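K.L.:
One structure, pasted below without further comment.
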Amino acid sequence: MPEFDATTASLEGTGRATRRELMTLLAADGRQTRALLAAADRVRAAVAGDEVHLRALIEFSSHCRRNCRYCGLRRDNGGLARYRMRPEEIRAAARAAADLGYRTVVLQSGEDAGCDIRQLAHVIGGIKRDREVAVTLAIGERSAEDYAVLRGAGADRFLLRVETSSPALYRRLHPDSEWRDRVRALTVLRRLGYQTGSGVMIGLPGQSLRTLADDLLLLQSLDLDMIGVGPFIPHPATPLAGARAGDLDLALRFIACLRMLCPAALIPATTALAARDPARGWERGLAAGADVLMPNVTPLCYRARYDIYAGKMWNSHAPADFRPRVDDLLARMGRRPGSGPGHSRIRRAVSTARGSEGTARAAVARGRSLRWKEQM
Ligand code: SAH
Ligand code: SF4
């Protein structure tokens, strides 16, 4: 058996690979890529079955205090008209998503310093009372105490990408944040009982196959419930406007390796995959090991203003028009929408508790003691 096929077979069989082996897999040619993706698809079918968990994405604020060099929402992008949805608008969008059959809503935003955590907690509590849905947050770095308040209000999951395994590359891309803090935040989130997701971008300027192989090993070692990765896409109003976009095939090989390294993880075919290939990005991700989609249900009037990267507008359909398209795609692929909330396969003892005062108080106390420990 040629070396590439032997390495793929070993990863498929054992769930393990060395950095060098992963570099070989990531560098695959056309035939090898097809074999790698097929192996990941077998692992996905065996571990996750044919269900694809659907997460309704609500981009509720485009304000951001950070200046990440790749992102269109960065603070210094003065050309962007910012918005923050009102609590009742967020709740209405969540209710509408639940009524379309979504069992999870993802509340995503920039790192919005003007976002009142008590108010967001109230929104989360309201969503959980309105409908039986899981709530995922993707709001960036906040204090352990804030995370605890939101968890206490009923948030089930949290997405916070490490973006890269290389602290040096992270420093070059983030003038105002530290890689260490990002990894620490993941630990805090997990200790608070969130189902925790992370991920990286693929094709960042300054990245190499070696960095990417290390990214895979880091993501494996973090024992994550969810792992979201996507190609880097340059945004014209950022310092990386002239950089090359991440390669879609490389991103698919990365997803395939992830599925085999972390068989039980929930892995989305991300929006960035679809932005790189509007016609087939999601389909190709789902055929490479992914088992989650995150359709955008943000009210149409805000979509253009949540301008993280170019080409994001590939899905500018109203939520009700888009849902049947998702169902058609899954049916064509012989897959089906997840029947439950699609909680983590890794920690089964997850809380689906609705918000309650007692829970909130206990979580805040836990958050305080965590923060205290972090400072030691
Ligand atoms: N502010 C929060 C959540 C919103 S950004 C946070 O930073 O965690 C969500 C993700 O979008 C980021 O983690 C990053 O991986 C991705 N992203 C930002 N700019 C991007 C770009 N130009 N191309 C591809 N992905 C990008
Ligand atoms: Fe803000 Fe997140 Fe974009 Fe960084 S990646 S600028 S934190 S929205």
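The values are calculated or read from the model by the stated rules, or taken from the named source; none is laboratory data. Just so you know, these numbers come straight off a predicted model, no measurement behind them. Positions of Cβ are generated from backbone atoms using ideal geometry, with glycine treated the same way; all protein chains shown enter the neighbour counts.
K.L.:
Taking Gly110 and the conditions (1) buried (at least 23 other Cβ atoms within 10 Å of the Cβ); (2) within 20 Å of Ile267 (Cα to Cα); (3) within 13 Å of ligand 1 (Cβ to nearest atom), which numbered condition does it fall short on, given that it satisfies the others?
P.N.:
(2)
K.L.:
Are any of the residues in segment 27-40 within 16 Å of ligand 1 (Cβ to nearest atom), under 22 Å from Leu248 (Cα atoms) and of a type outside the set (A, V, I, L, M, F, W, C)?
P.N.:
no
K.L.:
Can you tell me which condition Ser61 does not meet? The list is (1) surrounded by 18 or more Cβ atoms within 10 Å (Cβ to Cβ); (2) over 24 Å from the mean Cα position of the chain (by Cα); (3) among the polar types (S, T, N, Q), and all the others hold.
P.N.:
Of everything listed in (1) surrounded by 18 or more Cβ atoms within 10 Å (Cβ to Cβ); (2) over 24 Å from the mean Cα position of the chain (by Cα); (3) among the polar types (S, T, N, Q), Ser61 misses just condition (2).
K.L.:
Can you tell me which of Arg103, Arg129, Arg65 is out of contact with any strand residue (DSSP E or B) (no Cβ under 6 Å at 6 or more places or on another chain) and either modelled with pLDDT under 95 or within 15 Å of ligand 1 (Cβ to nearest atom) (or both)?
P.N.:
Arg65
K.L.:
Being more than 13 Å from Ser165 (Cβ to Cβ) and small (Gly, Ala, Ser) is the filter here; which residues of segment 207-242 pass it?
P.N.:
Gly228, Gly230, Ala237, Ala241, Gly242
K.L.:
Identify, from the list Ala46, Ala35, Ala39, the residue that is farther than 17 Å from Met226 by Cα, over 24 Å from the mean Cα position of the chain (by Cα), at pLDDT 95 or above and of a type in the set (A, V, I, L, M).
P.N.:
Ala35
K.L.:
Let me ask you something else. Output the residues belonging to segment 186-210 that are away from ligand 2 (no atom under 16 Å from the Cβ), buried (at least 17 other Cβ atoms within 10 Å of the Cβ) and within 18 Å of Leu261 (Cβ to Cβ).
P.N.:
Hit for segment 186-210 is Thr196, nothing else.
K.L.:
Here's another thing I want to ask about it. Enumerate the strands (runs of 3 or more DSSP E) found wholly within segment 33-142, keeping only those where 1 or more residues are within 16 Å of ligand 2 (Cβ to nearest atom).
P.N.:
Passing ranges, in order: 56-61, 104-109, 134-138.
K.L.:
A further question follows. In segment 236-255, what count of residues is obtained for those that are touching a helix residue (DSSP H, G or I) at 6+ places or on another chain (Cβ under 9 Å) and within 14 Å of ligand 2 (Cβ to nearest atom)?
P.N.:
Counting residues in segment 236-255 that are touching a helix residue (DSSP H, G or I) at 6+ places or on another chain (Cβ under 9 Å) and within 14 Å of ligand 2 (Cβ to nearest atom) gives 1.
K.L.:
On to the next question. Check Ala243, Ala256, Ala287, Ala279 and return the single one that is surrounded by fewer than 24 Cβ atoms within 10 Å (Cβ to Cβ), of a type in the set (Gly, Ala, Ser) and closer than 17 Å to Thr33 by Cβ.
P.N.:
On inspection, the qualifying residue turns out to be Ala287.
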